[in-house]
Structure formats: structure tokens, C-alpha cells
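Only one structure is covered here, and it is reproduced in the block below.
The values are calculated or read from the model by the stated rules, or taken from the named source; none is laboratory data. None of these values were measured; they are calculated from a predicted model. Cβ atoms come from the backbone with ideal geometry, glycine included; neighbour counts cover every protein chain shown. Ligands, DNA and RNA are stripped out before the accessible areas are found, and what is left, the full protein with its side chains, is counted by its heavy atoms. Shrake-Rupley method; radii C 1.70, N 1.55, O 1.52, S 1.80 Å.
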Amino acid sequence: MSYVQLQSISKAYAGISYLDSISLEMERGEIVALLGPSGTGKTTLLRIIAGLEQADSGRVIIEYRDITDLAPEKREIGFMFQGFALFPHLNVAGNIAFGLRLRHWPREKIKERVAELLELVHLAGFEHRAVHTLSAGQQQRVAFGRCLALSPRLLLLDEPMSSLDVDTKTHLLRELRTFIQQTNLPAMYITHDPEEAKRISDRVARLQDGRLDL
Amino acid sequence: MASLKRTVALGILFGIPLGFLTFFFLYPLGMVFLRSGFQVQEVFAVLADDYYRGVIWFTVWQAAVSTIICLLIGLPLAYVTAQYDFRGKRLFRTLIMVPFVMPTVVMAVAMRALFARGGLFAGWLPLYETVWLIILANVLYNIGIVVRIAGESWERLSPQYREVAAVLGANHWQRFRFVHMPLMVPALAGAALLIFLYCFCSFGVILLLGGSSFSSIEVEIYRQTTQLLHMDIAAALAFIQLILTLFAGAVYLFLQRKFRWQLLERGQNYPRRRLSGSGQHRLVRLLLGIIVLVVFLPFFVLVFRSFYTENGFTLDRYAALFTNTTGSLFFLSPFVYFRNSFLIAGGAALLAVFLAMLVVIADISFRKRHKAVSWLAQSVQIIASLPLGVSAVVLGLGYLLSALIVPSPLFASRSLIIIMHAVIGFPFALATLYPAYQRIEPTVLEAAQVLGATSWQRMRYVVLPLIRQALAIAVSYVCLLSLGEFGAALMVSRPDNATLTVGISKYLSQPGSLNFGRALAMSSILAGVSFTGMLLIERLRQPKTYQIGSVQHAVHDS
Ligand SMILES: Nc1ncnc2c1ncn2[C@@H]1O[C@H](COP(=O)(O)OP(=O)(O)O)[C@@H](O)[C@H]1O
Ligand SMILES: [Mg+2]
């Protein structure tokens, strides 16, 4: 049995079926790119896995546990939103420590963990920067650090490169791949760019007309 | 030659509004400053006097308490309407703003109809002639601001923030506490400051409900000017008030700078949360319904009592508007108040919109050619927005202080009040027309130009049709503002220019149920006109949805 299993997930909006009995298995440390044009339901699938959206049918199993009926805050999933959605009222350290604070980690341990993560994403020394002063690439790394803070079981990345310009993209793509590999977590990476999909992933899955081509 | 013509046109287009504002706003305001500036000792004397210190403290205190209560009650309402979709939401948002457009005089009469002797609540809620009645009136007035301003920017906020927090383990309360609240600080601060300033400069409510025991800075300026003829003390108080207003404005600007975030906005059709189950639905609607009833109650009672007398339902009170029972030579037929008010409102609206249009046209025709033009346009906008920070009573004081120089045929006539109301309405007219004009795609105008349209034809056949709605809104808005305006009109009122609000306050101050009855009837009519006007504006605000050439974005891409 695989580490991550999506079992026949279906979702329709207003009578239009976007996900039609999607099934997918992933192993630990595997990066799967989910490829498809805009509006095909890629984000919807990630939101269902994260619990932000309810599937019409189907199950989500992670680490051999069925989490289909769990609230999103209990799922322990790392989700990187398109556009990152960094909290503008918190600085870099505050963003990364958000989930740790909610769990009442002691101050010292939070500091350690934040430093460790900033090291990982090459942003050491940026703790106190306001997030809106960062470049898009740096914001991306903060968002990545934030979703790693709580040691999630699965990474979901929704078009992380879409707000970056072409020049920085190639470089950051390689970098992001290294970051993900270092975590040894399974990751699902959404993109509409076939080139990007091939580069980042171990395996490309194409979403079309509600079906997944593996 | 052409350039000379252009310079002349430019001079006219900017010169008229600039000259108007200079002569009818900056100059009288300057007179207030001069008066207090040359007599600094008067300002210090006022500050040293226990009585005036009490007045200043009371003004700040009642405004602060009213603001806090508004926030406490308004916040949950703003949250529910922002986060959930349910039927009747739009209606609720419209209705809760109704008191806000009601003239202060109408609110005062309504509160008296509820709480004064013989009022519906007089027996078991002894609020009359206490400070709590003033605060209650303030809260009813301003609660809508929280629901509207905070609620609508809350609604625009991208749900992604909440969702990120959820994925990171935040429960409902934590999402609210650690994400929504801090992100909403700028919007809430804006709403709070607006409410504070409204209550701080509140005149009609305190004058007419406070009796002789409560006096705010505004009321004190009025009394010192018209009853005691202490112009120096009035000018000193006006100076202190302006300083405090400026200070509040500076605090606001500081907060806006500090929290100048680029917030992600809710995508085009990102789904709003629905209330789950009909039980929740019904509960929310019941609660909101009760709120609306409470907010409307004073006005219901006002209209009810305007018809209901000892003899049951009659039109006596309305008929009394046309009879001179006092036999007084000085009896002014209430009809005169109506005529004055409507003439003034119409005049002020046309004048304000005309002046605002001049600025917009100047901007259209010359912006691209001269750097100086956009600089001029900006300075006109800045000067035009200054009346927002100056209370009507202070403006009135300025006119009185400069009365010697303003040509006397103008003084004490309706035109004087038309001009004052145009000054007060100008920033609103400009704020309505400018964005409407700026929404016009520049390429649309260029297309017209390529097709051979002169600048006049572009104006006539492209711009005007596209901003027709905004024009109608601006005219109606300034009309409403003028109809309900009390402080400025009272400061310079004479028998031949008294407006409806001034007339109502006169009847209120005279003894006898007949006079109170007249106040009830006139207030009901004024309330009806304001309510209708507000509905009209709300209708005009509904955006006509046509979209040309722009891409329909996918759901979650913000
Ligand atoms: N809550 C919703 N209600 C109605 N339609 C939705 C909702 N969420 C998404 N959709 C529709 O589902 C389609 C797929 O959306 P999405 O998953 O964001 O696509 P992608 O991420 O592949 O671009 C879109 O066309 C959108 O209109
Ligand atoms: Mg998407």
C-alpha cells in the first residue's frame, strides 16, 4: 500500500464535472507534477486533499490513515498557495512560526526551528524583514519554509512559479527541487507548463476532462 | 494663437473652482484663524478655564465612548455579512445605513418622540436629558459605517489567508484572532476614525438633545457666537477643534502608512461561505432583523406620532403647518422653510457638480499636454477635500467673521447658504465624478479622437454618457447633504433664508404641543425625502455590468 492514496475522487460544480473519479498513489520522497491548462480543476484537487473543499465522493489516505473527514487544521499538510498568501501583518519569522505558535511551542524552540528552516531555504538573517519588502523569489522561499514548519506529511504546491519572471524561474526551479528532495516528503506540484513539470518532478500526471493521465 | 486659446481655456476651467474655493472657503476659514492667531491669549484663556475644559473633555469623551460602542456592536455584524452569503444581506446593508443619511435634526426629534415626556419609552427608560441619549443617537447614526466600510473590505479580503491558517492548524477562533483581526486593523481604524470625527463634530444631536446641561465644542461655538456674541471665544474654540481634528487625521494617516499592505483580494467568483442549515440561516436573519428594527424604531415612532394625536389618527399636525395659530406677526409659514430648503438644495447641488465637472474637464483636456495641469488638478483636489475636515459650524463662523467684506446683498440671503452647501458638497461631488471619469479606458477616448472627435465632442458623446450615473449620484448626494445640513444654515440663518432643519429646531425650542406637532410633521417629511433619496442613490450605485474585452479570470487566481 502506498504512502499517499487518492481513491476515486470526484467533484462537480454546477453540473460540470471537473474531477471524475481521480485515483493516484505516491511514495515517500516522490515528486508528482500535476499538469493541465487553466481551469481544469488542478487547484480544486489540491484543496480537496487539504480539506478546504469537500469532494462529492472518494477518499484521501495519507500515511496509511484515512483523513477524508478530518478538518483542514487537523490534517498536517503543507500547502503552498498560488500567490503564497504570506501574512502581511507578520514578518518573515512570524510567518514561519505561525503554526508553531498556535501549538504553544516554547519560545526558544520556535527560534531554533525558524533559524533551521531559514537556513534550509537560504534566507538566514531575514527573520525580521517585512514580507512585502522581499522579492517574489524570496517570498516563495518564505512560503515554502512556512509550510514545512510543522513537519507535514505531504506537500502541495500550487503553481509556485506563476508569479516569477522567466529569468529567475529556471534557477529557482532547480533550487525548489533540491529543497523538496531534502525533506524527503511526497510532493504534488501543480503547473500548466509542460517543461516545468518535467524538470521538477519524478513523474508527470496530466489532468484533462476530469481524468488523470499517468 | 491656438496656445493662447488653450491657456485661456485652462485659466477658466481651473480658475473658477479655485477662485470659488479661495473666496468662499479659504478666506472665511482664514478669518477664523486670524482672529484666534492674533489673540493667542484667548486660546490659552479658554484652555485654562474650567468650564471650557469641561466642554472639550465632554466632546472627546462622548465621541470616544460612542466609537467604542459602535465597534463592539458593529464588528460581529460586519463579520457575518462579510463572510457569509445569505438572502437579505444586501437589504440589511442598505437599511443599516439609513440613519446615517437622516438629518441630525430629524434624529433629535425622533429621539424626543421616544424618550421625552409623553414618549413611548419615557416611563421605563429614563434616558431623556442624560448623556446616554446622546450616545445612543450617535451609535444609531454610525453603526452602519462599521458594517459598510469594515464589512466590505473584509469581504474583499482573499479567503486564502484564512485557509493558509487552517492548513497550518488554526481553528475557527484562532483564524479570526490571529489572521482576520490584524489584517482588518486598517479598515477598522478607518471606520473608527470616521465615526469619532462625526461624533466629535456632532452639533445638531447635542444641541437639541443635550438641553442646557451638555455642550460640545460645536454647540459652544454656536452659543458664544449667536447668543453671547463672544466672537473671540468662538474663534478660539474653533481653533482648538481644528487642531484636534487635524491630530485625529494625522493619527489616521500614520496608521494607514504603517499598515500599507498589499492584501490579496478575493478572486472574481471565489465562493463565499454559506450558512449551513436553515436553522443557522433563520437565527442570523432574526438577529439582523432585530437590529434593523432597533435602528428604525425612532423613525417609525416619529412618523407614527406625526399622525397620532389625542384624537386618534389625524392630519392635524400637517394641517398646522399652514395655520398661524399664534397670531404672531413674525409667524413664518412652514411653507417658506420648504421653499428655502428645496431651492437651496437644488442650487447647491448644481453649483457643486458644475464646479467639480470643470475640474474633471480641465484634467481631461489638458493632462497629457502640460505637467503643470496635473499638478494644478491635484492641488484643486487637495483644497477641495479640506472642507471635509472643517465642521459646518466653523464654516458658518468664518462667514460671520468675514461678513463685512462679503457683499451684503449676498448675506442673509439664500445664495449665501447655497454657496456654503456647495463648499460642503464639493468634495463629495468630486470624489464621485473623478473615479467615474478615471474608469473610462483611455483607449476609448483615443479611439474617438482617431475617429475625428474634437475634445468637446469626446466630452459630449463619450465621457458624459459614461459618467451619467455618477452625475446623478453626485447631484442627489449634494441635495441630501444640503437638505439635512443644520449647523452652517443655523449660524447664518435669517427669517428669509431659514431652511427646514432650522425651522424644525425653532419649533422644538418653542413650548406647546402644537409646535412639537409641527416639528414632528416636518421631520417626518424630511425623513421621507432623505430615505427616498438614499434608496435612489443605492439604486444608481448598482453597477451596470458590461465588460468589454477583458479576460474572465479563473476562480482562484487572484
Ligand atoms: N466553489 C466553486 N464553485 C463553482 N465553481 C468552481 C468552484 N471552485 C472552482 N470552480 C470551477 O472549477 C474550475 C476549476 O477550477 P480550478 O481547480 O481552480 O482550476 P485550475 O487550478 O486547474 O486552474 C474552474 O473553472 C472554476 O470555475
Ligand atoms: Mg489553479
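Students sometimes get this wrong: rank A:53, B:129, A:119 by accessible area, probe 1.4 Å, all chains present, largest first.
Numbers: A:53 35, B:129 100, A:119 120 Å².
Largest accessible area first, the residues go A:119, B:129, A:53.
For the protein assembly as shown, what class follows from the C-alpha gyration tensor (a ≥ b ≥ c being the square roots of its eigenvalues): rounded when a/c is under 1.5, otherwise prolate if a/b is larger than b/c, else oblate? Don't jump to the answer; show the numbers that get you there.
Numbers: a/c = 2.20, a/b = 1.84, b/c = 1.20.
Prolate is the answer for the protein assembly as shown, as a/c is 1.5 or above and a/b outweighs b/c.
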Is the C-alpha gyration tensor of the stretch B:32-114 telling us rounded, prolate or oblate? Criteria: a/c under 1.5 is rounded; beyond that, a/b larger than b/c is prolate, otherwise oblate. prolate
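Of the accessible area of chain B, with the probe set at 1.4 angstrom, what percent is carbon plus sulfur? Walk me through the intermediate numbers first.
On the way: 17550 of 26130 Å².
Reported share for carbon and sulfur atoms: 67 percent.
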List the aspartates and glutamates whose Cα sits under 14 Å from the Cα of residue B:371, skipping any in the same chain fewer than 8 residues away. B:363
With every protein chain in place, the accessible area of residue B:178 for a 1.4 Å probe, in Å² rounded to the nearest 10, comes to 80 Å²
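Averaged per residue, what accessible surface does the protein assembly as shown expose to a 1.4 Å probe, in Å²?
Values: 35560 Å² over 772 residues.
That works out to 46 Å² per residue.
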Once you place label points 7 Å from the Cα toward the Cβ at residue B:228 and residue B:322, how far apart are they in nm? 4.4 nm
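Which of A:74/B:258; A:42/A:169; A:74/A:109; A:11/A:169; A:42/A:198; A:169/A:198 have a Cα-Cα distance over 24 Å? Display every interim value, and only then the final one.
Working: A:74/B:258 34 Å; A:42/A:169 21 Å; A:74/A:109 22 Å; A:11/A:169 32 Å; A:42/A:198 17 Å; A:169/A:198 14 Å.
Distance filter (> 24 Å) returns A:74/B:258; A:11/A:169.
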Give me the number: length gained by fully extending residue A:70 to residue A:116, i.e. 0.36 nm times residue separation minus the C-alpha to C-alpha distance, one decimal in nm. 13.6 nm
Extending each Cα 7 Å along its Cβ direction at residue B:266 and residue A:151, get the distance between those two points in nm, one decimal. 3.9 nm
For the residue pair residue A:193 and residue B:531, what label-to-label distance in nm results when each label sits 7 Å from Cα along the Cα-to-beta-carbon direction? 6.0 nm
Pull up the cross-link candidates among the aspartates and glutamates for residue A:111, meaning alpha carbon to alpha carbon under 18 Å and not fewer than 8 places away within one chain. A:119, A:127
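Within 10 Å of each Cβ of A:77-89, how many other protein chain Cβ atoms are there on average?
Numbers: counts 2, 2, 6, 2, 9, 5, 7, 3, 11, 3, 8, 9, 12.
Mean partner shielding for this stretch: 6.
Classify the stretch A:49-170 as rounded, prolate or oblate from the Cα gyration tensor: take a ≥ b ≥ c as the square roots of its eigenvalues, call it rounded if a/c is under 1.5, otherwise prolate when a/b beats b/c and oblate if not. It would help to have the intermediate numbers written out before the result.
On the way: a/c = 2.23, a/b = 1.33, b/c = 1.67.
Taking the square roots of the gyration eigenvalues as a ≥ b ≥ c, the stretch A:49-170 is oblate.
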List B:50, B:496, B:363, ordered by accessible area with a 1.4 Å probe, largest first: B:50, B:496, B:363
Using θ = phi - 60° and the Karplus curve 6.51 cos²θ - 1.76 cosθ + 1.60, what whole-Hz ³J(HN,Hα) does each residue of the stretch B:43-50 get, with Gly and Pro shown as x? 4, 5, 4, 4, 5, 7, 7, 4
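Quick one: length gained pulling residue A:209 to residue A:17 fully straight, 0.36 nm per residue minus the C-alpha distance?
Values: separation 192, 0.36 × 192 = 69.12 nm, distance 0.82 nm.
In short, 68.3 nm is gained.
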Relative contact order [Cα under 8 Å, 6+ residues apart], the stretch B:43-316, whole percent: 31 percent
Amide H of residue B:309 versus every other amide H placed in the peptide plane: which residues, excluding those fewer than 5 positions away on the same chain, fall under 5 Å? B:314
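How much length is gained if the chain between residue B:171 and residue B:61 is pulled fully straight, taking 0.36 nm per residue apart and subtracting their Cα-Cα distance, in nm to one decimal? Spell out each step's value before the answer.
Details: separation 110, 0.36 × 110 = 39.60 nm, distance 3.74 nm.
This chain segment gains 35.9 nm when fully extended.
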Here the FRET efficiency for residue B:152 versus residue B:514, based on Cβ atoms and R0 = 45 Å and rounded to 0.05, is 0.50
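Per DSSP H run of n ≥ 4, the term is -39500 (n - 2.57); total these for chain B, divide by its residue number, and report the mean residue ellipticity at 222 nm rounded to 500 deg cm²/dmol. Please list the in-between numbers first.
Working: 27 runs with 386 residues, N = 558.
Using -39500 (n - 2.57) per qualifying helix, the result is -22500 deg cm²/dmol.
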At a probe radius of 1.4 Å, what is the per-residue accessible area of residue B:343, in Å² to the nearest 10? 90 Å²
Determine, from the Cβ-Cβ distance of residue B:297 and residue B:8 and an R0 of 51 Å, the FRET efficiency 1/(1 + (r/R0)^6), rounded to the nearest 0.05. 0.30
